[in-house]
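All remarks here apply to the structure that follows.
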Ligand SMILES: [Zn+2]
């Protein structure tokens, strides 16, 4: 039924109970195995390192002393309350005792993998990608799945993705006098040829090349600052270690030049405050640009989505205005969770994808179509397992199953998933299907 598209993947557990009469918790392992085999058939790649434990479900407990509830992985041997360290009791009702580790669970023991749909990409990157996320508990993976389905229905995600990614490092200098700073600027500018030779030599080991050098001045009441920011471009490496080594070497040359010209420098350092390292900022030059959008004919929008195009556009405007009021520079929503979920699933570096979590949502009308899109300006990731970061076997397996080889495909696929999650979420909110009180 999964193969024939007759059943959404998140309904397998319920089907096994209702139609085949399985008793909880029997359905969880079988449902996960069914989804794994279905994905393996589609991709030609077996799950090996992403394993299923013997008891792939969670169990609900209560602490009568603290009136708290616990949901523990069935393999967890610590069955005591975190607060009082007293023994936990299984939940009263056996029907509520068991639950899936995560929605659409397909494997993983320390972190749990959800299948979150497959999406077709067109434009700068072509093909179909399977999505595995370590999203955590909640309906998120199902939302991404539904978003993928809707986007595929309208021709797939149209993606734009940069050929190269950037990495930057900054040399920061402090001077006691403004004249010294201006002299230093001239000296560094004059030595730029040899500085770039040094950069090129070190970056070459990682297939990188120097891109831009920029000078910025700043002052405080006591000192005069000079930032010299070096940016380099990379194809498949993240470039973090490469640019660090290269600009470290350049700094030594800069220091030597300033000494040679007897320029007084109070401090010379790698100025991490200005190089964008793990700091999301609109002026950040790290990572690779990626964007994805879906086009839906206005004529079929209302009928297919049970929501008018005007209403969806109004909601996006309302939400964007809210983000602005909060003082955030870009619109972020569900994307912040999807992006982290993809980095966790693939285990690529950086492990803290803060820079890559910048996101902007846009929507409007072009001709007779509604266009809904997301932009990720700074996707920072390398897909190679190398000196700049080992990728553990389950991460490499997840990349293979997803269909991702290059860092460019990683960025394109990430943008498409964020599009799927955000588009589904915007629609659900615009249609008032979310955030309703439960009818108990
Ligand atoms: Zn307790």
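The values are calculated or read from the model by the stated rules, or taken from the named source; none is laboratory data. For clarity, every value in this text was computed on a predicted model and none was experimentally measured. Because the Cβ atoms are built from the backbone with ideal geometry, glycine has one as well, and the counts that use them run over all protein chains shown.
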Practice problem: Tell me, please, whether a residue that is outside any helix (DSSP H, G or I) and either under 24 Å from residue 239 (Cβ atoms) or at pLDDT 95 or above (or both) can be found in the range 406-424. | Solution: yes
Exercise. Name the single residue, out of those in the range 52-66 being surrounded by 14 or more Cβ atoms within 10 Å (Cβ to Cβ) and within 31 Å of the chain's Cα centre (by Cα), that is farthest from the ligand (Cβ to nearest atom).
Key: 52
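Condition first: within 11 Å of the ligand (Cβ to nearest atom) and surrounded by 14 or more Cβ atoms within 10 Å (Cβ to Cβ). Now tell me which residues in the range 67-79 satisfy that. Explain how you work it out, then say what you get.
Taking the range 67-79 as the starting set, the residues that turn out to be within 11 Å of the ligand (Cβ to nearest atom) are 67-70.
Those that are within 11 Å of the ligand (Cβ to nearest atom) and surrounded by 14 or more Cβ atoms within 10 Å (Cβ to Cβ): 68, 70.
Looking for something farther than 24 Å from residue 149 by Cβ and under 12 Å from the mean Cα position of the chain (by Cα) - is there at least one such residue anywhere in the range 381-388?
Among the residues of the range 381-388, at least one is farther than 24 Å from residue 149 by Cβ and under 12 Å from the mean Cα position of the chain (by Cα), which makes the answer yes.
From the list 158, 169, which one is part of a strand (DSSP E or B) and within 30 Å of residue 10 (Cα to Cα)?
Numbers: 169 fails: within 30 Å of residue 10 (Cα to Cα).
Of 158, 169, the one residue that is part of a strand (DSSP E or B) and within 30 Å of residue 10 (Cα to Cα) is 158.
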Quiz item: Within the range 335-375, how many residues turn out to be under 26 Å from residue 387 (Cβ atoms) and assigned to a strand (DSSP E or B)?
Solution: 1
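Any idea which of 248, 273 is closer than 25 Å to residue 377 by Cα and either at pLDDT 95 or above or under 28 Å from the mean Cα position of the chain (by Cα) (or both)?
Answer to the check: 273.
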Quiz prompt | Set 16, 30: member being farther than 21 Å from residue 401 by Cβ, surrounded by 12 or more Cβ atoms within 10 Å (Cβ to Cβ) and more than 16 Å from the ligand (Cβ to nearest atom) | solution = 16
Quiz item: Looking at this structure, is residue 128 outside the structural domain of residue 395 (by TED's automatic domain parsing), closer than 20 Å to residue 338 by Cα, without any contact (Cβ under 8 Å) to a residue 12 or more places away in the chain and away from the ligand (no atom under 16 Å from the Cβ)?
Solution: no
Practice problem: Would you kindly identify the strands (runs of 3 or more DSSP E) lying entirely within the range 52-126 that contain at least 1 residues that are over 22 Å from residue 24 (Cα atoms) and out of contact with any helix residue (DSSP H, G or I) (no Cβ under 8 Å at 6 or more places or on another chain)? | Solution: 58-63, 68-73, 113-123
Quiz item: Taking the range 80-99 on its own, how many of its residues are at pLDDT below 95 and either away from the ligand (no atom under 16 Å from the Cβ) or over 13 Å from residue 60 (Cα atoms) (or both)?
Solution: 8
Quiz item: If residue 115 satisfies every condition in (1) modelled with pLDDT of 95 or more; (2) farther than 22 Å from residue 5 by Cα but one, which is the exception?
Solution: (2)
